[in-house]
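Step one of this worksheet: look at the structure below.
The values are calculated or read from the model by the stated rules, or taken from the named source; none is laboratory data. The structure displayed is predicted, hence computed values, not measured ones. Cβ placement follows ideal geometry from the backbone for every residue including glycine, while neighbour counts extend to all protein chains displayed.
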Amino acid sequence: MNRINRRVLLGAMSAAVLAGSAGLAMAAGEIRVLNWQGYGTDEAFATEAFEKKTGVKVVHDYFTSEQEMLTKLRTNPGAYDVVLINSAFTGQAKAEGLIAKIDTSDMPNVKDLAPSMGQNPDLVPGGDVYGVAWTWGATALAVNKDKVTPLPTSLALLWDPQYAGKVSIRDDGVEAIQFAALALGQDMNDIKDLEAVKAKLKALMPQIKTFWSSENDWNQFFSAGDFTVSTFWSGGAGRSITKGLPVAFVVPQEGAVGWLDSLAIPATSKNQDAARAFINWMIDPEFYVQWAAKGAPSSANAKANAALPDSDFNKQAFADPAVVARVHFMKPLSDETRKAYTELWQDVKTAQ
Amino acid sequence: MAQATSRRDALRAGVLLAPAYLWLTVAVFLPLSAMLFFSFLSAAPFTSANWHVTGLNYAEFLTRSIYPDLLGRSLLLAAIVTLACVLIGYPCAYVLARQVKGRAREALFLLIILPFWSNSLVRIFSWAIVLRGNGIIDHTLGALLPFVSVNLMFSYTAVVIGLVHSYLPYVILTSYLALQAIDESILEAARSLGAPFRTILFRLLLPLSLQGLAAGAVLIFVPVAGSFMEPRILGGKHGIFYGTLIEDQFVATFNWPLGAALSFILLAVVLVILAAASPILKRAR
Amino acid sequence: MSQPRGISRVLGRGYVGLVLFFLYAPILVMALMSFNASEFYAFPLSFTLDWYRRLWGNAGIVASAWRSLWIAVATTAIATVLGTAAALALFRYEFRGKRLLQALLFPPIAIPWLIIGTAMLIFFFWVGIGRGTPAVILGHVALALPYVIVVVAARLQTFDPQLEEAARSLGAGQWVVTRDVTLPWIASGVVAGALFAFAVSFDQFVVSYFLAQPGDATLPVVIYTAIRKGFTPEINAISTIIIAVSMAVMLAASRFFKFGGER
């Protein structure tokens, strides 16, 4: 009964959208990209070069959280041709029928992807490509190198009383729990003892000065001296260093939280050929080297990384294979687990 | 009033009301009705194959103590901010309405609202620059009184300062509109009878301008109870409020039904508080 | 005038000055930082005009500011007219359901905008309104209306209905009464309502964000989405220009129009 109702509802909804989006009908020579703002695809040099090569114009729309990205895909069928999806969310998007299988036969750069990225089972379930691995990075420790000497090697730094009131982490329940799990030596993708994690986070609260939630917060709070020890994204740390902040980025011995971002094509895209061409361009070494000079995460394309100058932040940070091995990539979470994590995090924050 | 005119009145009222309320219906009431419907579902209809009607989202408010606790915290914050705005704003409105005359008054009237044509996020980050240790207040005070260091950032105080700043103009302007309408001859009469200012304030000014003051207070109390942006940035780890919990359901977990239920509980509580306060206001007149 | 009242006048003006200083403190900081070389808004200040120069070359942010401006002007015009009409009806007439209509003004204010924005996105999608500038204005006006109605109603509370009666008994029609008696009395309330409506629209993020077409971002959307990578003082520069221009326009307007409710 419910199932049928839902079909009817969805059918009515898509009919309404077709009627409503007539005004949205776009020129064939245009693709629409849904991404975080300022995250590679909207670099002016890249879209201009793509337009020159193919005659296809690139228009952007942005999201500010993964949940919102899914909402925009659900409620705007046909509006987007390329979407950035974190590999931990690819499975959910596929299960909802939001993204299409990608035929990579006419995308020459795909063969250069590092196998661990390009063939990631979350992106390529059963051998079908639902997301082309694009960039990856780690959320690890970033400290003020003028004030923290010698450089730390352990996550225990966050709990070090010496830095009480000088610590920050991102206001994100899942990530906070994963860090506590790593610090406790648990598998962050399969946490067995959630009570221990909760106790560990409670012990962290008095250390914390504030939470950060965006790169803007991080840079402003850091440069004002609000905190000296924090978690941070590798890409963000690279950009902060480029801009002259005294930041040192460390992947601690316990490990770091890794993320792999992919570019996918919405099932309702009407311009999939151009979308594939654009994604191919996005993993092209020529594009990546230019982007990296402005501060980019690591590319999933092995050739692109190899083409970087040796002074590149990512190249240095992840030069040692042992460091890369310590990066644990985020696995998908069920709705129930996500809810449980969010509630645990709310409890910890409120109880302080 | 005669029956015939009252029917004509009803027609006139309808003509004046229809455009605004039709607009609100299409753009707000119907969308919110959809949300109200979601709040009684087990899952958002977009995502899960199996959703059914349930009251569990509302029950969850009572079973997890964090919800009522933080709702209380948010209502207290709203009350503090409203009170502070009234105490700061009413005297200002009084001066503006009763002591300033002519063009200067027009100019001041505009100057009071102008800061709110700037972006709220930019304003919040500007407050951060003012309030933090090593910030502007700290530097200024440090120059006058060495050895004194002030760091108000990431505290409850910072949240209150930011919110009072954002909402102060409402109470100033609505009180001004009411105070300015009071006939000077009434006040003159009271003064000439030797009434002290305190009597004039409590017997004449306040009762005659209470409607305006109350309108301003409501426009502050209601949105502050659900705020989450100022608390999160200025409050740091102390910035956890009810609005944050609602935001989490839309941003961190994909649980619109719960987020919607929490919002409607907030709305219901706020309406009950306003309804309870309205007889007090009436009696005071 | 007696001595104590003279003193209270000085005190009064000093107090208004203090309140204005509080209201403008973050605005001054915002302007100051638009001339500061540090990208992270850090001290010490070092003067530069670079951010203004860069803003000049940033077509996207300037276009978004213009778009926000005209959407806010349209919203203000529509919301002020509709809101004033509704406030008049609520003030003049007694009818069943009036309390309900008044209570219905609160949901748009009380429900956090994030939820309203999401609700609008879904509902507009369901009924086929879709996204685009008409949808954005539809949403902005709806959010501004309650403010206009409440503020104008607050002013109407001070209005003596007998004035309307008197005018009518002199043979004036309803429209003439409204135009010549009621509207002049509540003009200051209408102006205040319009100023709030403009502020609501000009700073509205969520609705524009969900309902604008891709590529048609308004200024608040540009600012909020920029927070992920970090603001640059270019944002302060354009905000400073907007405030400075508005201030000039308003102060000029206050020389030529009377709306402060002078009697």
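List of remarks:
- With a requirement of 3 or more residues that are at pLDDT 85 or above, under 30 Å from A:A293 (Cβ atoms) and at the interface with another protein chain (Cβ under 9 Å from one of its Cβ atoms), the strands (runs of 3 or more DSSP E) lying completely within segment A:1-110 that satisfy it span A:30-35, A:57-62.
- Residue within segment A:134-146 that is over 30 Å from A:G225 (Cβ atoms), in contact with a strand residue (DSSP E or B) (Cβ under 8 Å, 6 or more places away or on another chain) and among the aromatic types (F, W, Y) present: yes
- Filtered residue count, segment B:192-220, keeping only those that are among the hydrophobic types (A, V, I, L, M, F, W, C) and buried (at least 21 other Cβ atoms within 10 Å of the Cβ): 8
- Helices (runs of 4 or more DSSP H) wholly inside segment B:177-268 that include at least 3 residues being in contact with a strand residue (DSSP E or B) (Cβ under 6 Å, 6 or more places away or on another chain) and modelled with pLDDT under 90: none
- Looking across B:F46, B:F125, one residue alone is farther than 30 Å from B:R198 by Cβ, within 10 Å of chain C (Cβ to nearest Cβ), at pLDDT below 95 and assigned to a helix (DSSP H, G or I). It is B:F125.
- Filter result for C:S64 (more than 30 Å from B:L108 (Cβ to Cβ), surrounded by 15 or more Cβ atoms within 10 Å (Cβ to Cβ) and assigned by TED's automatic domain parsing to the domain that holds C:A217): yes
- Residue check for A:L194: surrounded by fewer than 20 Cβ atoms within 10 Å (Cβ to Cβ) and over 24 Å from the mean Cα position of the chain (by Cα): yes
- Residue among A:A275, A:A304, A:A292 that alone is assigned by TED's automatic domain parsing to the domain that holds A:P115 and in contact with a Pro (Cβ under 9 Å, 6 or more places away or on another chain): A:A275
- Filter result (in a strand (DSSP E or B) and over 12 Å from A:A256 (Cα atoms)) within segment A:121-138: A:V132, A:A133, A:W134, A:T135, A:W136
- Verdict on B:L70 being under 20 Å from the mean Cα position of the chain (by Cα), touching a residue at least 60 places away in the same chain (Cβ under 8 Å) and facing another protein chain (nearest Cβ under 8 Å): yes
- Helices (runs of 4 or more DSSP H) completely within segment C:1-103 that count 1 or more residues being free of Cβ contacts under 8 Å to residues at least 12 places away in the same chain, facing chain B (nearest Cβ under 10 Å) and at negative phi: C:3-33, C:59-92, C:98-103
- Elements of type helices (runs of 4 or more DSSP H) in segment C:188-261, at least 3 residues being more than 29 Å from C:E39 (Cβ to Cβ): C:206-211, C:233-256
- Only one entry of B:L258, B:L262 meets the criterion of being more than 27 Å from B:T157 (Cβ to Cβ), of a type outside the set (S, T, N, Q) and more than 7 Å from every other protein chain (Cβ to nearest Cβ), and that entry is B:L258.
- Of residues in segment B:1-43 being more than 8 Å from chain C (Cβ to nearest Cβ) and buried (at least 18 other Cβ atoms within 10 Å of the Cβ), the one modelled with the lowest pLDDT: B:A43
Matching residues to (1) buried (at least 24 other Cβ atoms within 10 Å of the Cβ); (2) aromatic (F, W, Y); (3) farther than 25 Å from B:L41 by Cα:
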| position | (1), (2), (3) |
| --- | --- |
| B:V222 | yes, no, yes |
| B:G226 | yes, no, no |
| B:P231 | yes, no, yes |
| B:G239 | yes, no, yes |
| B:G243 | yes, no, no |
| B:I246 | yes, no, no |
| B:F250 | no, yes, no |
| B:T253 | no, no, no |
| B:W256 | yes, yes, no |
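- Verdict on C:L145 being within 9 Å of another protein chain (Cβ to nearest Cβ) and either touching a residue at least 40 places away in the same chain (Cβ under 8 Å) or within 18 Å of C:A192 (Cα to Cα) (or both): yes
- Of everything listed in (1) more than 8 Å from every other protein chain (Cβ to nearest Cβ); (2) under 19 Å from C:A187 (Cβ atoms); (3) among the basic types (K, R), the single unmet condition for C:R155 is (1).
- Residues within segment A:86-121 that are of a type in the set (K, R) and crowded, with 17+ Cβ neighbours inside 10 Å, tallied: 1
- Among the residues of segment B:128-160, the ones that are within 9 Å of chain C (Cβ to nearest Cβ) and in a helix (DSSP H, G or I) come to 5 in all.
- Matching residues in segment A:139-189 - criterion: being in a helix (DSSP H, G or I) and charged (D, E, K, R): A:E175
- Test: residue in segment A:231-244 that is away from chain B (no Cβ under 14 Å), assigned to a strand (DSSP E or B), crowded, with 22+ Cβ neighbours inside 10 Å and modelled with pLDDT of 95 or more: yes
- Any chance C:F202 is more than 14 Å from chain A (Cβ to nearest Cβ), closer than 30 Å to A:E215 by Cα and modelled with pLDDT of 85 or more: yes
- Looking across segment A:119-170, the residues that are within 14 Å of chain B (Cβ to nearest Cβ) and without any contact (Cβ under 8 Å) to a residue 60 or more places away in the chain come down to A:A164, A:G165.
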